[in-house]
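The values are calculated or read from the model by the stated rules, or taken from the named source; none is laboratory data. Model, not experiment: these values are computed from the prediction. Virtual Cβ from ideal backbone geometry, glycine too; neighbours counted across all protein chains shown.
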Amino acid sequence: MNPVFDYHALAPELVLSGAIVVVLVADLLFPDREGLQTSRLASLGILVALVPVLTLAIDGADRSLFGGGFVVDDYAIALKAFFLLVAYVTVLVSADYVGEGDYYKGEFYFLLMSSVLGMLAMTSARDLISIFVALELISIPTFVLAGWRKHDTKSNEAAIKYYLIGVLSSAVMLYGMSLIYGLSGGKVLLADIGKFAAAGDAPPLFAVAIFLTLVGFAFKVSAVPFHFWAPDTYEGSPTPVTAFLSVASKAGGFVAILSIIYFGFFEADESWQPVLWALAAASMTVGNLTALRQTNIVRMLAYSSVAQGGFILVPLAVAQDAPRASFEAVVIYLFIYGAMNLGAFAVVIAVARRTRSGEIESYAGLGQTAPVLGILMSAFLLSLAGIPPLAGWFAKFVMFRAVFEAGGAGAVTLGVIAAVNSVIAFFYYAGVARRIWFEDPAAELAGPARVPAALTVALAMSAAVVLVIGVYPQLFARVGELAVPL
Amino acid sequence: MIAQNIAFWIIAVVMAAAAVRVVTSRNLVHAALFLITVLIGASAQFIILLAEFVGVTQFFLYVGAVAVLFLFGIIVTRAPMQPADYDNDQRWPALAVSLLLLGVLVALLIDAFGHQEIELSDDLLAIGRSDAVGNSLFRTFVVPFEVVSMLLLAALIGAVAIARRD
Amino acid sequence: MALNQFLILSAFLFCTGVYGVLARRNGVLVLMSVELMLNAVNINLVAFSAFVRDVGGQIFALFVITIAAAEVGVGLAIVLLIYRNLDSPDLDRVDQLKG
């Protein structure tokens, strides 16, 4: 009995794997040849991998392979599309940064795409082994990418800190998973673990196992108090890698949490709900309060992404009482967060090309010297703050909707904390915008800014998403509704 | 059963002692050698549990590859061969945290699996044989298997790219 | 044989690893402590696999072993890089950025 292979279900991963090999070989055969830049090849490969995602979406049927360990449903398809789009934009913002430095270009895109392959696998992973393996494929290439500026000791430090935290969090997560495997009577499929959790006769050790697993994931999504590596790693890494880490790799961690909570631990809510509640509240508060004090734009965005991670955890923390609304909220928030954060980092890269500085001071007067960049940066920051009519308000809206649907004292308290934090966050986002428009530029930066074509496309894409979703959220809300697998 | 039990306890005591030395040794090379002792011990425990394939893989991969990598890393970074202080100033809090964790885990493990026994018999041997492992690996877990192949390639290329002198 | 004798050995190794991660400041030694924790995971998985008579745990352990090897390779490459730039693999010396 030969296993029946559904190649269509595996097509996005297969196409991307093919593209990865092509990039690697092309870089070997044609080093630095004009007209065949690896960045173009990489972005083309990622776009081609989107084709089978589209055909799967049109086909619409849920596919379950290998005994249920690999599932392609609307949730998986939506997030596969998200990760591929994020990867495409990341390649665009990397193109000139990597092309102008003395970096290994082919290897850079190879590692980036390998990490994206891990994300695609993560969206479909429905057993502990697949989740673990996909998480490692997401992480290991990014350890190396964080240290890609080899002669910069800050980049070295970013890499070693990220690496040690990464392997430590995997070990903690695995210990939790090994206990879950034993307690559930030898089950690795999330569906089987879900049945065990629903039976409700698990010993207290099960709660500890869930706790350890979630601690491992909390490191990956840099939730407070497991966030301390994030600002250093984000500041030291090459900025395009930081953009990738703060959006894609973080979203990878959230997809893992989403899958493992919804398909596995769901009924054991007294074990995970308090943990996620505390992580959400702490991440929002600590992230925002620390972001207020930052003078470096990348560190500010790092703490802001810790806080945004907290906002994404809010619906998860009330998931038991509002399953559908929470799932929708997480997926929608991830999409919008991806667009606005990538956009903000694209502006940071564009500005740093001219000022060679990551300090917030260097944004003074950007509105006069480079009005378009100034407008875009203000738009992305105000979107992150949740100001209508930019997409961020819709992300916050679906989050609060999930909280209100859940009701209950715990959910409402968390909602109040989230509301207070939205106000705090407004101050530092608006603070940068104020410098852009109401302060005079440093004299030596009078000349016009030149933004390379690839970066322009990346900025345009992010800006378009942020504006269109912000003005017509109903177009996009459908994606969130469809993605709910319940 | 008694022979396996005696073997377990001897190996377990050696492993525990070696593990403690790994985290307290003041000499890098000694720490690596104690780590190898733990790794070999784990491999022996897998054989006792009749998981032959995993036991052998543990031996080859960990003792053959990982341990050698560690020693290689120690050599190329020219770590001092004489004892040095490798601990930070958090030794006592660290000890408190790990002892607390150990206490909680042991109490809960006894609560959850108090009197459960592992029966070592021929059917268990069949589960751990390479044909059974291979069947499961390539039928049920073929996607993670392929993902790991890409992961190893990425790790290899990444390590070369970053460690290369240029 | 009692299941718990394996699980408690594993818990001991795990906690020893946690101590090492918290108390060591040399990158290679921290990595060794993480390896102790991963071995604890493997002992758990194989013991449970024998207890419930299911091969899944052994497969899981095989994946853990393989990926641990890949992680160590990448980690030592990073340590080597730092050694070259700073002339020291000590974590304390790598401290320009303060979180």
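Worth a mention:
- For region A:176-193, the count of residues that are among the polar types (S, T, N, Q) and over 29 Å from residue C:22 (Cβ atoms) is at least one.
- Cβ-Cβ under 8 Å pairs, at least 6 apart or on other chains, region C:22-41 side more than 7 Å from every other protein chain (Cβ to nearest Cβ) and assigned to a helix (DSSP H, G or I), far side surrounded by fewer than 24 Cβ atoms within 10 Å (Cβ to Cβ) and small (Gly, Ala, Ser): none
- For region A:34-42, the criterion of a residue being under 27 Å from residue A:328 (Cα atoms), of a type in the set (Gly, Ala, Ser) and away from chain B (no Cβ under 14 Å) is satisfied by no position.
- The numbered conditions (1) of a type outside the set (S, T, N, Q); (2) within 17 Å of the chain's Cα centre (by Cα); (3) closer than 17 Å to residue A:273 by Cβ are all true for residue A:202 except (2).
- Residue count for region B:37-76, restricted to those that are under 19 Å from residue C:77 (Cα atoms) and either in contact with a strand residue (DSSP E or B) (Cβ under 9 Å, 6 or more places away or on another chain) or among the small types (Gly, Ala, Ser) (or both): 4
- Tallying residues that are assigned to a helix (DSSP H, G or I) and either among the small types (Gly, Ala, Ser) or within 17 Å of residue C:14 (Cα to Cα) (or both) within region C:42-91 yields 20.
- Pairs meeting the criteria (first residue in region C:68-89 and at the interface with chain B (Cβ under 7 Å from one of its Cβ atoms), second residue at pLDDT 85 or above and not in a helix (DSSP H, G or I), beta carbons under 9 Å, at least 6 apart or on different chains) are C:77/A:147; C:78/A:147; C:81/A:147.
- Region B:105-118 residues that are touching a residue at least 24 places away in the same chain (Cβ under 8 Å), paired with ones that are assigned to a loop (DSSP other than H, G, I, E, B) (beta carbon under 9 Å, 6 or more apart): B:118/B:49; B:118/C:1
- Residues in region B:22-43 that are more than 12 Å from the chain's Cα centre (by Cα) and either farther than 27 Å from residue B:78 by Cβ or surrounded by fewer than 19 Cβ atoms within 10 Å (Cβ to Cβ) (or both): B:24, B:26, B:27, B:29, B:30, B:33.
- A single member of B:152, B:101 is facing another protein chain (nearest Cβ under 7 Å), surrounded by fewer than 20 Cβ atoms within 10 Å (Cβ to Cβ) and touching a Ser or Thr at 6+ places or on another chain (Cβ under 8 Å), and it is B:152.
- Selection from region A:212-240 of residues that are of a type outside the set (Lys, Arg) and more than 14 Å from chain C (Cβ to nearest Cβ): A:214, A:217, A:218, A:221, A:223, A:238, A:239, A:240
- Complete set of residues in region A:56-79 that are within 14 Å of chain B (Cβ to nearest Cβ), at negative phi and assigned to a helix (DSSP H, G or I): A:76
- Of the residues A:329, A:325, A:350, the single one that is surrounded by fewer than 24 Cβ atoms within 10 Å (Cβ to Cβ) and in a helix (DSSP H, G or I) is A:325.
- On inspection, residue B:125 fails the criterion of being surrounded by fewer than 18 Cβ atoms within 10 Å (Cβ to Cβ), within 7 Å of another protein chain (Cβ to nearest Cβ) and in contact (Cβ under 8 Å) with a residue 40 or more places away in the chain.
- The residue that is surrounded by the most Cβ atoms within 10 Å (Cβ to Cβ), counting only those in region B:128-149 that are more than 7 Å from every other protein chain (Cβ to nearest Cβ) and either in contact (Cβ under 8 Å) with a residue 12 or more places away in the chain or among the aromatic types (Phe, Trp, Tyr) (or both), is B:145.
- Top-ranked residue in region A:144-160 [being touching a residue at least 12 places away in the same chain (Cβ under 8 Å) and among the polar types (S, T, N, Q); ranked as nearest to the other protein chains (Cβ to nearest Cβ)]: A:156
- Some residue of region B:74-81 being under 30 Å from residue C:85 (Cβ atoms), within 23 Å of the chain's Cα centre (by Cα) and assigned by TED's automatic domain parsing to the domain that holds residue B:16: yes
- Qualifying residue in region A:425-442 (condition: out of contact with any Pro (no Cβ under 7 Å at 6 or more places or on another chain), in contact (Cβ under 8 Å) with a residue 40 or more places away in the chain and more than 21 Å from residue A:295 (Cα to Cα)): no
- Residue ID - farthest from the chain's Cα centre (by Cα), chosen from residues in region A:102-127 that are farther than 16 Å from residue A:244 by Cβ and not hydrophobic (A, V, I, L, M, F, W, C): A:102
- Checking each residue in region A:180-201 for being buried (at least 20 other Cβ atoms within 10 Å of the Cβ), more than 8 Å from every other protein chain (Cβ to nearest Cβ) and not in a helix (DSSP H, G or I) picks out A:184, A:189.
- Region B:72-98: number of residues that are farther than 30 Å from residue C:48 by Cβ and surrounded by fewer than 16 Cβ atoms within 10 Å (Cβ to Cβ): 16
- Residues satisfying the criterion are absent from region A:161-173 (criterion: assigned to a loop (DSSP other than H, G, I, E, B), more than 8 Å from chain C (Cβ to nearest Cβ) and buried (at least 24 other Cβ atoms within 10 Å of the Cβ)).
- Residue that is modelled with the lowest pLDDT [pool: residues in region A:102-143 that are more than 7 Å from chain B (Cβ to nearest Cβ) and touching a Ser or Thr at 6+ places or on another chain (Cβ under 6 Å)]: A:105
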